[in-house]
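Novice: Submitted below is the structure of interest, expressed as structure tokens.
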Amino acid sequence: MTIRVAINGYGTIGKRVADAVLKQKDMTLAGVTKTKPNYEARLIAARGVKVYATSPEKLASFEGSAVKASGTLEDLLKESDIVVDCTPGKVGASYKPLYQSLGIKAIFQGGEKHDMAGFSFNAYCNYREALGLDMLRVVSCNTTGLCRSINALDKAFGVKKVRAVLVRRGADPAEVSKGPINSIVPDPATIPSHHGPDVQRVLPKIDITTSALAVPTTLMHVHVLNVEINREATEQDVMGAFGRYPRIRIFSAAEGIASTAEIIEFTRDIGRPRYDLWELAVWKESIKSFGRELYLTQAVHQESIVVPENIDAIRAMARITEDPDESIKATDESLGIGR
Ligand code: NAD
């Protein structure tokens, strides 16, 4: 069974999901949409992928350009089984009526509201509940990171309570017009930040409160977690619990990876495309146990952590496999997660 996948919105997330789809044996990339024939459109077209204009109005800008448009978004959707909407936050919702009218399954991203999509997805946490769904959203990068570690701790020890502080990157590397440049911004100033309630969309039983700050960096987010668990666990127990999940990767400050910059240098050294780290990073030395109270510090590569989740969401919605482990394994092997 081969699923034809469309990507609407070929930016930071869209280009990475497109590359991941191209690596799957059970999926084909039907095409991607672009608002204009810029260098990103030219590069993906040169790889033999069909490029479509996002609307009939935008089609005109492709005429006479280096990029041939194969039609519009609607044409692409008619040749696809599922669309991964990677348009900017809140824009995805405006496409929902079109996707529904064409009867195509749709995956939205974390910038969209849970209620709009109706289901919030994380492969480790709720793959089976997503089987056959017509719509869902893959939760944001921060929420994906929180879900991965909290789910691992909950399965191993039972989680009673989570309190977390999120230090968020101010902008992605290519976002030249965003900040902050010289400030630490409580973002939001109110508590909780939206991340805690968002985790509860995926893990409804978890008592979690989050606060967040934005800082002038583009590489990664960092979270400091304080977790109360139901039974005592040592630091080794926590390492063992995380070790069961290839999408959680342990880094060691003692080995010289003591910052987000050094994590990114590591991903470049192992030849990851675009220096992507699909895994959640956890610093070994930050794991501290006080019996039933744990601390840990984790880092999230915001541009790529949701990519494997999108691939598993496609498999669940298309019912390619009903077994989460089978899907996760196929995705991880195709990308090189754990290597
Ligand atoms: P982006 O701005 O990098 O990419 C969006 C793409 O959509 C751009 O190519 C843009 O030209 C295109 N676009 C704009 N308007 C469009 C329209 N009307 N129709 C079709 N395409 C349109 O955004 P992104 O960072 O990739 O974010 C996409 C989604 O993923 C958002 O919901 C965001 O919240 C979520 N997300 C982003 C990150 C991140 O750190 N960048 C992490 C996780 C989730």
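Any read-out appearing in this document is the output of simple, stated calculations on the displayed coordinates, not a laboratory observation. Just so we're clear, the structure is a prediction, and the values are computed from it rather than from any experiment. Heads up, the Cβs are rebuilt from the backbone with ideal geometry, glycines too, and the neighbour counts pull from every protein chain shown.
Novice: Take the residues in the stretch 1-43 that are in a loop (DSSP other than H, G, I, E, B), in contact (Cβ under 8 Å) with a residue 60 or more places away in the chain and surrounded by fewer than 24 Cβ atoms within 10 Å (Cβ to Cβ); name whichever of them is nearest to the ligand (Cβ to nearest atom).
Specialist: It comes out as G11.
Novice: If you go through the stretch 45-75 one residue at a time, how many are among the charged types (D, E, K, R) and under 23 Å from L22 (Cα atoms)?
Specialist: Of the residues in the stretch 45-75, 5 are among the charged types (D, E, K, R) and under 23 Å from L22 (Cα atoms).
Novice: Still on this model: For residues that are surrounded by fewer than 16 Cβ atoms within 10 Å (Cβ to Cβ) and closer than 27 Å to Q100 by Cα, tally how many sit in the stretch 44-58.
Specialist: Selection size over the stretch 44-58: 3.
Novice: While we're looking at this one, here's another question. Where the second residue is of a type in the set (D, E) and the first is over 18 Å from C147 (Cα atoms) and lies in the stretch 109-136, which pairs have Cβ atoms under 6 Å and are six or more apart or on separate chains?
Specialist: Qualifying pairs under 6 Å: L131/E322.
Novice: Shifting gears a bit: Looking at (1) in contact (Cβ under 8 Å) with a residue 60 or more places away in the chain; (2) under 17 Å from the mean Cα position of the chain (by Cα), can you tell me which one A174 breaks?
Specialist: (2)
Novice: Which one of I82, I104 is under 20 Å from the mean Cα position of the chain (by Cα), closer than 21 Å to I3 by Cα and not small (G, A, S)?
Specialist: One residue alone meets the criteria, I82.
Novice: Can you tell me which residues in the stretch 121-157 are more than 22 Å from V222 (Cα to Cα) and not basic (K, R)?
Specialist: Scanning the stretch 121-157 gives N126, Y127, E129, A130, L131, G132, L133, D134, M135, L136, A156, F157.
Novice: As an exercise: evaluate Y52 against (1) assigned to a helix (DSSP H, G or I); (2) touching a strand residue (DSSP E or B) at 6+ places or on another chain (Cβ under 9 Å) and give the number of the one condition it does not meet.
Specialist: Just one mismatch for Y52, condition (1).
Novice: Looking at the stretch 79-101, I want the residues that are in contact (Cβ under 8 Å) with a residue 40 or more places away in the chain and β-branched (V, I, T) and have a partner that is more than 10 Å from the ligand (Cβ to nearest atom) and in a helix (DSSP H, G or I) with Cβ atoms under 7 Å, at least 6 apart or on another chain. Which pairs are those?
Specialist: Within 7 Å, the pairs are I82/I314; I82/M317; V83/L77; V83/Y99.
Novice: Taking the stretch 255-310, which residues are of a type outside the set (D, E, K, R) and within 11 Å of the chain's Cα centre (by Cα)?
Specialist: L277, W278, L280, V300, H301, Q302, S304, I305, V306, V307, P308, N310 - these are the residues of the stretch 255-310 that are of a type outside the set (D, E, K, R) and within 11 Å of the chain's Cα centre (by Cα).
Novice: A follow-up question, please. Considering only residues that are hydroxyl-bearing (S, T, Y) and closer than 17 Å to R249 by Cα, which ones fall in the stretch 272-313?
Specialist: Passing the criteria: Y275, S286, Y295, T297, S304.
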